[in-house]
Structures are given as C-alpha cells and as structure tokens.
Amino acid sequence: MIDVERMKKEIEERLKEMQPLFSRKKSELSPERSLQRAFALARAIAVSHEVRDTYKEGHQFRVADLARAIGEQMNLDKDRITGLRLAGLIHDIGKIDIPGELLSKPTKLDESEARIMQTHVEIGHAMLKGIRFPWPVARMVWEHHERMDGSGYPRGLKGKRILLESRILAVADVVDAITSRRAYRPAREVHVAIYSMKGDRGGLYDQDVVDACLRLFDVQGYKMLDLD
Ligand SMILES: [Fe+2]
C-alpha cells in the first residue's frame with residue numbers, strides 16, 4: 001500500500017530544502033553544490049511519486065533528458081537548459097494530489113476524470129511558485145499542457161504567449177507518452193510520434209521545436225533515456 005500522505009509530506013520537505021538553495025544570502029553551499037543538491041532533490045521527488053503510476057515510471061527523467069537535448073539542438077543557452085532540465089524532472093509533481101485510481105486506470109479516462117487529471121498542472125504550479133528558482137520552473141510546470149492553437153490547458157494560451165521552455169516540455173512530454181507502453185495499448189515507435197506532430201504544422205506544437213526534435217532522432221541518433 002502506498003502511503004500518499006507520507007509521500008506528500010516528504011515532497012514538501014524536499015521542496016522546503018530547495019527553497020534557500022538559490023538564494024545567495026541563505027544558502028550555505030557554493031552555487032555548484034546548491035545546483036547539485038537541487039537536482040538530487042528533484043530526482044528524489046520524481047522517483048518518489050512516479051511509483052504511483054506504473055506506466056509512467058521514469059517518465060519525468062526521459063522528458064527532462066529529451067527536453068535538454070531539444071534545447072541544445074535549438075542552441076538555447078546553457079543556463080536556460082539547466083532550468084528546463086530541472087522543470088522536466090518535476091513537471092508532473094502535481095499528480096501527487098490526483099487519486100491513484102485515475103493514475104493507474106487501465107482504460108482511457110472519461111471526460112470528468114480527464115478534468116480531474118488536468119488539475120495536476122495547477123497543483124504543481126501552486127507547489128512550486130513559492131520557490132525562488134533562477135528559472136521560471138513553476139511557469140513551465142503550469143504551461144506544459146498548453147497548445148499552440150490555444151486548445152490546451154489550463155489557460156488556453158496561444159503561440160508565443162507560451163514560454164519557449166514550456167513548448168519544448170510539451171513536445172518532449174508527448175513523445176514520451178506516445179513511445180511508452182500504456183495499460184490499454186503497447187508502446188509506439190518514436191518516429192510515429194514525431195511525424196504525427198510534424199503533420200500538425202502550426203497546430204498543437206511549436207514547429208521549430210518539433211523540427212529540432214526530429215533532427216535529434218534522425219541526424220544525431222538520439223535515443224530515449226533507458227533507465228533499466
Ligand atoms: Fe503533465
């Protein structure tokens with residue numbers, strides 16, 4: 001039996017420990033050690049709550065790595081990529097407040113269940129917005145389900161009103177979702193995932209991000225992170 005309340009407390013403690021890490025005045029560690037500690041805490045948070053959803057194990061690690069690689073492909077500066085990686089590792093943190101039956105439901109969610117599931121972005125944003133990261137981590141978590149045409153959630157933002165990092169996370173998130181096994185369907189090929197996004201020119205995803213992602217797999221030979 002998974003003790004969700006305990007898990008939530010542990011996550012909150014880790015977030016509390018993260019709080020002073022980026023404040024020069026409050027942190028007792030050097031900037032390098034602070035960054036290492038923040039990533040260690042983010043990884044611990046990712047591992048802890050992913051056990052609630054067997055089909056998503058390793059999801060945030062794969063998304064963080066793919067988002068980093070897309071960021072590099074798009075020549076984003078190193079510091080921005082660091083923030084992107086950190087947000088990737090905890091982008092689904094809000095799922096800690098989603099009922100376990102929904103996370104592990106072997107069939108597709110119905111409309112009202114999907115609406116509950118969608119609240120994870122706002123929960124995640126609320127959990128992270130008090131931490132003064134040097135990057136807009138809470139905003140990336142909030143926006144990773146927004147879509148270019150405004151059909152996403154929670155705010156229905158359009159195009160460039162969505163932060164570039166959030167648009168990268170959105171693509172990385174969907175590539176991993178499609179290429180991972182689900183209770184109700186097997187994993188699909190990565191190219192099926194990306195080409196379906198490419199066909200959607202100007203629709204749901206940022207085409208520069210999709211193109212960078214495609215180059216990554218086709219030209220650079222990128223492989224999804226294998227955690228086994
Ligand atoms: Fe999500």
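The values are calculated or read from the model by the stated rules, or taken from the named source; none is laboratory data. These numbers come from a predicted model, not from an experiment. Here the Cβ positions follow ideal geometry from the backbone for every residue, glycine too, while neighbour counts run over all protein chains shown.
Output the helices (runs of 4 or more DSSP H) that fall wholly within the range 103-172 and possess 1 or more residues being touching a residue at least 40 places away in the same chain (Cβ under 8 Å) and either within 20 Å of Ile11 (Cβ to Cβ) or touching a Phe, Trp or Tyr at 6+ places or on another chain (Cβ under 7 Å) (or both), or say none.
Of the helices (runs of 4 or more DSSP H) lying wholly inside the range 103-172, those with at least 1 residues that are touching a residue at least 40 places away in the same chain (Cβ under 8 Å) and either within 20 Å of Ile11 (Cβ to Cβ) or touching a Phe, Trp or Tyr at 6+ places or on another chain (Cβ under 7 Å) (or both) span 120-128, 137-143.
When you scan the range 23-35, do you find a residue that is under 20 Å from Met7 (Cα atoms) and away from the ligand (no atom under 13 Å from the Cβ), even just one?
no
Of all residues in the range 31-47 being over 15 Å from the mean Cα position of the chain (by Cα) and in contact (Cβ under 8 Å) with a residue 40 or more places away in the chain, which is surrounded by the fewest Cβ atoms within 10 Å (Cβ to Cβ)?
If we take residues in the range 31-47 being over 15 Å from the mean Cα position of the chain (by Cα) and in contact (Cβ under 8 Å) with a residue 40 or more places away in the chain, then Leu35 is surrounded by the fewest Cβ atoms within 10 Å (Cβ to Cβ).
Tally the residues that are within 15 Å of the ligand (Cβ to nearest atom) and among the basic types (Lys, Arg), restricting the search to the range 74-118.
2
Of everything in the range 119-157, what is of a type in the set (D, E, K, R) and more than 15 Å from the ligand (Cβ to nearest atom)? Give them in sequence order.
Passing the criteria: Lys129, Arg132, Asp149.
Taking the stated definitions as given, is Thr119 β-branched (Val, Ile, Thr), over 25 Å from Asn75 (Cβ atoms) and at pLDDT below 95?
Considered against the rule, which asks whether it is β-branched (Val, Ile, Thr), over 25 Å from Asn75 (Cβ atoms) and at pLDDT below 95, Thr119 comes out as no.
Looking at Arg132, Arg155, Arg147, Arg161 in this structure, which one is at pLDDT below 95 and charged (D, E, K, R)?
On inspection, the qualifying residue turns out to be Arg132.
Might you check whether a residue that is surrounded by 13 or more Cβ atoms within 10 Å (Cβ to Cβ), assigned to a helix (DSSP H, G or I) and within 15 Å of the ligand (Cβ to nearest atom) occurs anywhere in the range 7-15?
No, that holds for no residue.
So in the range 56-101, with the set limited to residues that are among the hydrophobic types (A, V, I, L, M, F, W, C) and part of a loop (DSSP other than H, G, I, E, B), which one is surrounded by the most Cβ atoms within 10 Å (Cβ to Cβ)?
Checking each candidate, the answer is Ile90.
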